[in-house]
Amino acid sequence: MSQAGRLVVLVSGSGTNLQALLDAVADRSYGAAIVAVGADRDGIEGLARAERAGVPTFVEKLSSYGSRADWDTALAARIAAYKPDLVVAAGFMKILGAPTLESFPVLNTHPALLPSFPGAHGVRDAMAHGVKVTGCTVMLADAGVDTGPIVAQEAVRVFDGDDEHLLHERIKTVERGLLVDTVGRMVREGWTVTGRTVRLGSGGMKK
Ligand code: GRF
């Protein structure tokens, strides 16, 4: 393995996806290192997980800036300082702006089978629709809400007794595995994007 791929992971909450990545990078053969964890708020378990793992953290709150554009610029600068090969939005609950999206490849994860049920309430919306199968999607981020090219997906069945929390927890178990798998393949094998089609295993990290 040559140099490990440099990951900056962005979080807004409990950070169980981040934890799965922290656990994965402990094995050198995984091929990646988490060089920083960023958040849009303080006091979250995601930041505590990074601190416990000895990974540098930063917080950029939207409310600290006069405009969204200023926040976008500040966040991109914080990320850039760590020279990432890949940014992973792992439960980061803000839309990333052009300064970040145009500077780095950004991977995002969503607890539904896109393009169905995008947005902040993917699990709730899928249940309200009465679907029998939902799942999770790992995609490259673009300027839209969960609209970027899909890298990987996995299905999860909906059971009669499910509520939003139960179903989300079951999805998250699958989502963590899918994210770890996908990030690992991307850093080790590279990827290409043709139109909306993402192919892994094409050598070299390509946007
Ligand atoms: C994940 O299901 C993610 O897709 C969604 O929020 C959840 C984050 O979980 N946007 P965690 O913070 O990684 O535990």
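Looking at the stretch 15-98 from every direction and averaging, what is the projected area of its Cα convex hull in nm²?
For the stretch 15-98, the mean projected area of the Cα convex hull comes to 5.5 nm².
To the nearest whole percent, what portion of all C-alpha pairs in the stretch 118-207 is separated by more than 22 angstrom?
Tail of P(r) above 22 Å: 34 percent of Cα pairs.
As an exercise, find the ratio Rg/Rh for the stretch 28-160 from alpha-carbon atoms, using the Kirkwood inverse-distance average for Rh.
Ratio of gyration radius to Kirkwood radius: 0.99.
Direction-averaged shadow area of the convex hull around the Cα atoms of the stretch 84-167, nm²?
Mean projected area of the Cα convex hull: 5.4 nm².
Considering only DSSP beta bridges where both residues belong to the chain, give the percentage that are antiparallel (nearest 5).
45
Any read-out appearing in this document is the output of simple, stated calculations on the displayed coordinates, not a laboratory observation. Computed from a prediction, not measured in an experiment: that's the story for all the values here.
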